[in-house]
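The values are calculated or read from the model by the stated rules, or taken from the named source; none is laboratory data. This is a predicted model, so every value here is computed, not measured. We place every Cβ from the backbone using ideal geometry, glycine too, and count neighbours over all the protein chains shown. Side chains are part of the model used for accessible areas, which takes the heavy atoms of the whole protein and leaves out ligands, DNA and RNA. Shrake-Rupley method; radii C 1.70, N 1.55, O 1.52, S 1.80 Å.
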Amino acid sequence: MITIALSKGRIYDETAPLLKAAGIVARDDPEKSRKLILRTNRADVRLVIVRATDVPTYVQYGAADLGVAGKDVLDEHGGQGLYQPLDLKIARCRMVVAAPAGFDYRRAVRQGARLKVATKYVQTAREHFAAKGVHVDLIKLYGSMELAPLTGLADAIVDLVSTGRTLEANDLKEVEAIAPLSARLIVNQTALKLKRAAIQPLLEAFARATR
Ligand code: ATP
Ligand code: MG
């Protein structure tokens, strides 16, 4: 049995066509079904539906053989035990620093001020500001980062942006780009060795579908 871990929403929606190109079609729609394990047209392939941030964990420990996770999620996880053979070029977005329109970020950085930064992406933010030599107090949040500068919780946020509409709706501006992001195919390193005959054709089909 090959188990593939996916999260509901954009990752599932954008992975489904790639799975289809690899000859795999789910028997249920995760948006409609409450099932967390979805059978597919192939008796030897099943999908498990988990939180986006839990995908690398399922694959790391071998509870799933493969998975699809955003680079943002993989950077926070650390990637231990994972082989990352393929950029699927889906769920594209970018990691940025954003601040209220009235906050002079560049001046604060130039003056060596200690910035309060709220984010779900603590590792990414820590590395980004350390590389720039900017002192920050990081405040870990689990959602709605945009609210933090509006309530005085933080001076700035580190968050994902695709269209920029959410930032705009909350009077925030992108003040610095950190990195472009997309979702990656991840594979359990041990599974790749032990189940190579079954996994290798899937990797090749994904690679063809991504090109
Ligand atoms: P949750 O919404 O359940 O808290 P999440 O935000 O990690 O978890 P999704 O919103 O489904 O889950 O995002 C999954 C992945 O899609 C992210 O890890 C990221 O790589 C990418 N992503 C997130 N937001 C956007 C966006 N606005 N546009 C494009 N891709 C995005
Ligand atoms: Mg989300």
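Just a few scattered comments:
- Seen from LYS20, the other residues with C-beta closer than 14 Å to its C-beta sum to a net charge of 0, counting Lys and Arg as +1 and Asp and Glu as -1.
- Counting only protein heavy atoms and a 1.4 Å probe, the chain has 53 square angstrom of accessible area per residue.
- Which listed pairs, of LYS8/LYS120; LYS20/LYS120; LYS35/LYS193; LYS8/LYS140, have C-alpha distances above 25 Å, in listed order: LYS20/LYS120; LYS35/LYS193
- Of the whole protein surface, SER7 contributes about 10 Å² of accessible area at a 1.4 Å probe radius.
- Summarising the label geometry, the points placed 7 Å from Cα in the beta-carbon direction at ASP137 and ALA197 lie 6.0 nm from one another.
- Rounded to two decimals, the Cα radius of gyration of segment 93-180 over 2.2 N^0.38 Å is 0.96.
- Protection proxy ranking of 131-138, 172-179 - average other beta-carbon atoms within 10 Å, highest first: 172-179, 131-138
- Within-13-Å neighbourhood charge of SER182 [Cβ basis; K, R +1; D, E -1]: +2
- Net charge of the neighbourhood of GLY67, taken over other residues with C-beta under 11 Å away and scored Lys/Arg +1, Asp/Glu -1, is -1.
- In this label model, ARG114 and LEU150 are separated by 2.8 nm, measuring between points 7 Å along each Cα→Cβ vector.
- Of the chymotrypsin sites (Phe, Trp or Tyr not before Pro) in segment 94-159, those whose Cβ has at most 14 other Cβ within 10 Å and which sit in DSSP loop: TYR142
- Between segment 72-114 and segment 15-56, the Cα center-to-center distance that results, in Å: 28
- In the chain, the ratio of gyration radius to Kirkwood radius, Rg to Rh, stands at 1.04 when only Cα atoms are counted.
- Solvent exposure of MET1, expressed as accessible area, is near 120 Å², computed with a probe of 1.4 Å over the protein chains only.
- Surface share of carbon and sulfur [accessible, 1.4 angstrom probe, percent] for the chain: 49
- Each residue, ARG126 and THR190, gets one label point 7 Å from its Cα in the Cβ direction; the gap between the two is 2.7 nm.
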